[in-house]
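Everything below concerns the one structure shown next.
Only the coordinates and a few stated rules stand behind these numbers; no lab work does. For clarity, every value in this text was computed on a predicted model and none was experimentally measured. Here Cβ is always computed from backbone atoms with ideal geometry, including for glycine, and neighbour counts include all displayed protein chains.
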Amino acid sequence: MVRSKGGIDGMAFGQSSLGGVFMMKGKHLFSLALFWVALAFPLFAFAQTPNRLWERANKSCFDCLNAGDLNSARSACTEAVGTAEMIKGDLTPLAQSLSNLGTLLSRLGEYSLAETAYARSLKISEQATGKESTMAALAAVALGLLYI
């Protein structure tokens, strides 16, 4: 850097060199910022929220269960439960996912794990919608049918 009467590189005395860079390249920085905003917008606009991810995983779980593809259903149902646990404020997706997982585990003959999933689904359903709700009643019926 060359020192002149006015300071470094012609900047006023007392002005930082960093400030001078921003002052001298203001137009370029604005163009660069605009470029990054234009580049990043599609990434943020189409970002997958936990709700969207859960909806996709839950649908896949449900479809695999109905088709009888239990191996694919296991990974889809597990993914749905994991994704539902990331959703803030709404416990109903988690209760639904646990119920689906319980159904899968019951079909696989893993009754102890199915019982755990159904019991957790019942507890969460009661917390989310109340003990007298339809969702809680369905969770209780699913758990009860496991013992028949």
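The table below lists the values:
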item: Extended-chain gain in nm, criterion 0.36 nm per residue less alpha-carbon gap, L108 and D69; result: 12.9 nm
item: Cα→Cβ-extended label distance, 7 Å offset, between A128 and T116, nm; result: 2.0
item: Low-density loop cleavage sites - trypsin sites (Lys or Arg not before Pro) in the range 73-137, where at most 15 other Cβ are within 10 Å (DSSP); result: K88, K131
item: Sum of side-chain charges, Q48 neighbourhood, beta-carbon under 11 Å (Lys, Arg +1; Asp, Glu -1); result: +1
item: Cβ-defined net charge surrounding N58, 15 Å radius [Lys, Arg +1; Asp, Glu -1]; result: -1
item: Estimated distance in nm for a label pair at T49 and V141, the labels positioned 7 Å out from Cα along Cα-to-Cβ; result: 3.1
item: The range 50-146: C-alpha gyration tensor shape, a/c 1.5 cut-off, then a/b vs b/c; result: oblate
item: Rounded to the nearest 20 debye, dipole of the range 50-146 from Cβ charges on Lys, Arg, Asp, Glu; result: 100
